[in-house]
Amino acid sequence: LLSFPLSPFSPSLPLPLPIHSVPLPCPRPTMLPRRFRVLIATVLLVGGTMHILTDLLPRLERRAAAGEAGAGAPGAGAPGAGAGAAGAGAGGGGCPCHHRPQGWDKHTLRILQDFSSSDAAPPAANRSGKRLVGDGDDPRAAGHPTPSKLAALFHLPIYQRSDATLRPQDILFNVKSDIRFNPKTAVPRDWANEEEGYAAAGSETAIDSYPNWLKFHIGINRYELYSRHNPAIDGLLGDLATQQISSVAMKSGGTQLKLIMTFQNYGQALFKPMKQTREQETPPDFFYFSDYERHNSEIAAFHLDRILDFRRVPPVAGRLVNMTREIRDVTHDKKLWRTFFISPANNICFYGECSYYCSTEHALCGKPDQIEGSLAAFLPDLALARRKTWRNPWRRSYHKRKRAEWEVDPDYCEEVKQTAPYNSGTRLLDLIDMTVFDFLMGNMDRHHYETFEKFGNDSFIIHLDNGRGFGKHSHDELSILMPLSQCCRIKQSTYFRLQLLAKEEYKLSELMAESLLNDKLSPILIDAHLKAMDRRVRIILKTVRDCVEKDGHGSVVANDVDYKIKFASADR
């Protein structure tokens, strides 16, 4: 081989040819692209046409609807009448785009979607993807095949009565309407103070776009933790169940393990992991102070409190937590991290540190690393809104052999009535409300309660720490009702609602079952616990009737319907 001529079709590839040989004929270039050129052009033409149609048709429909509405409206020829008619047509049209504000195009909507955060997410969904049912919602819109008894209950006049106008001293935080909040640059103790309410540096978003936990905080007032129709509550329940967990730490104090979880939107919640199945009852030989704290009791307590219209329990939602990704990998608590291990069944377990049930024998294990738990929204930081802790007059002895004074003295309530703050205002009646609430759950562990210091003695009682309820469905602990039976006093509004919940059309068990369906861990309570609540409602009503027969209706049932209005007018 002496020479290597190049191929005319592949200049970079030499073709070795022997001397005196004749070059082989070169292959002709393929015609495959020419054959499909027409087909490719046709596909591109059809795709472009469809894109143009899908982009222009909605605009043409909106213009047509606006033109028809403008032609039919009186004074359509006047200046500005066309815009008003278009707005009227948008209100009654069936096109979803008619609900957009005028002047918003597709580009504007995309920009808003890009800048919208998880805090402005749509209402949370349950396991089936349906929207949560609120106090005033239409059950058919939420996908209920039958009329909602819960919605019907909340539409009754006793659940719709208006409250007194709130004065500045009746609101926990006086928020200025022009204050802005930027969660990326704010830390709670930096952007809030007790005197002027919430303030923020580097403001970027308006109050309406505050995270739901902050809306919950600024909605607290002298009479309630949240109003009946506060839309932020359902949003907060959704956040508790879905928000990304950024850090986890153990809560100091307490007898059993609790975790403080911080979310990506800077909200915080108290996590109580699952320790018992829903079918397990508290053993009869267990003392009340050594009973387990149940996560489903915390969830059910929030729903019961809302049905009773107390609204004194912070929002609580159930959540299935990944112990590896959402606890172990994000915690900076070395004491908690060291307690993680893998069980013989290859499940992830941990036990933390606490007074009771924090050992390898009482470890919390996932399946394999998923565990149920309740998440209760935090109240405002104590540095911003101080709370006062009160000893419950009907506190139990918390001793294996000793008995409390109220257990041996039938006239104990007369002494309580002469002691502040129970000798004035509604504190004693609020305590009776808490007694009713605890008896319906079977909760014997109510040694203290809290109130907000700002409101003094004229404020509601916060119903915290409800984990030891719903332990026994086969037993009704009548000693929980001792404040009611000894004092023979109850609010008229509470008495009316209990009478409603005893009726067949508003049976408490059915209302609770419907309300608990909204939680992601549904079912929360077994039927035996639901039926036990119906039985306990009848016991409470019988106790009130016995008091009325003994002391008279006027001495037993306190008229509190217009209390808020009277209290507000007295201070003006």
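Calculate, for residue 398 and residue 208, the FRET efficiency according to 1/(1 + (r/R0)^6) with r their C-beta to C-beta distance and R0 45 Å; round to the nearest 0.05.
Approximately 0.45, to the nearest 0.05.
Whole-Hz Karplus ³J(HN,Hα) for the range 355-363, in order, using 6.51 cos²θ - 1.76 cosθ + 1.60 and θ = phi - 60°, x for Gly and Pro?
6, 10, 6, 10, 7, 5, 6, 10, 5
Based on the mean of other Cβ atoms within 10 Å per residue, sort peptides 372-379, 336-343 so the most packed one is first.
Packing proxy ranking, top to bottom: 372-379, 336-343.
For a bin width of 5 Å, list the pair-distance distribution of the range 207-253 built from all Cα-Cα distances, rounded to whole %.
5, 18, 23, 20, 15, 12, 5, 0
With Kirkwood's inverse mean 1/r over C-alpha pairs for Rh, give me the Rg to Rh ratio of the range 441-544, two decimals please.
Computed over Cα atoms, the ratio is 0.98.
Could you please put 354, 547 in sequence from largest to smallest accessible area, using a 1.4 Å probe?
354, 547
Going by Cα centres, the range 274-347 and the range 229-254 are how many Å apart?
14
P(r) for the range 342-485, please, calculated from all Cα pair distances in 10 Å bins and given in %.
9, 29, 30, 20, 9, 2
For 227, 493, give me the order by solvent-accessible area with a 1.4 Å probe, most accessible first, ignoring ligands, DNA and RNA.
Highest to lowest solvent-accessible surface, that is 227, 493.
Multiply the residue separation of residue 450 and residue 335 by 0.36 nm, subtract the distance between their alpha-carbon atoms, and state the gained length in nm to one decimal.
38.4 nm
May I ask you to derive the FRET efficiency for residue 264 and residue 522 from their Cβ-Cβ distance with R0 = 22 Å, giving the value to the nearest 0.05?
Calculated transfer efficiency: 0.30.
What are the extents of the Cα atoms of the range 384-433 along their three principal axes, in Å, largest first?
So the three principal-axis extents are 41, 26, 18 Å.
For a protection proxy built on the mean count of beta-carbon atoms within 10 angstrom, sort 290-301, 239-250 highest first, please.
So the peptides 290-301, 239-250, ranked by packing, come out 290-301, 239-250.
Contour minus end-to-end for residue 38 and residue 167, with contour as 0.36 nm per residue of separation and end-to-end as the Cα-Cα distance?
38.8 nm
Relative contact order of the range 302-422: what whole-number percent is it, with Cα pairs under 8 angstrom and at least 6 residues apart?
Computed value for the range 302-422: 22 percent relative contact order.
Can you tell me the length gained on complete extension of the stretch residue 535 to residue 504, counting 0.36 nm per residue apart and subtracting the Cα distance?
Extending this stretch completely gives an extra 9.9 nm.
Take peptides 44-54, 496-506, 449-459 and line them up by average Cβ neighbours within 10 Å, highest first, as a rough protection proxy.
Peptide ranking by packing, descending: 449-459, 496-506, 44-54.
What distance in nm separates the two pseudo spin-label positions at residue 279 and residue 457, each 7 Å out from Cα along the beta-carbon direction?
Each label point is offset 7 Å from its Cα along the Cβ direction, giving 5.1 nm.
For residue 397, what residues show an amide H to amide H distance below 5 Å, using hydrogens built from the backbone and excluding near sequence neighbours?
404
Can you list residues from other chains, or at least 5 along the same chain, whose modelled amide H is less than 5 Å from the amide H of residue 370?
Long-range HN contacts for residue 370: 323.
Could you look at the range 198-338 and say what percent of its accessible area is carbon and sulfur, using a 1.4 Å probe and all protein chains?
Carbon and sulfur together cover 52 percent of it.
Alpha carbon centre of the range 451-482 versus the range 409-450: separation in Å?
9
The values are calculated or read from the model by the stated rules, or taken from the named source; none is laboratory data. In this text the structure is predicted, and so the values were computed from the model without any measurement. Glycine also receives a Cβ, built like all others from the backbone with ideal geometry; neighbour counts cover every protein chain displayed. Keep in mind that these areas ignore ligands, DNA and RNA; they rest on the heavy atoms of the full protein, side chains included. Shrake-Rupley method; radii C 1.70, N 1.55, O 1.52, S 1.80 Å.
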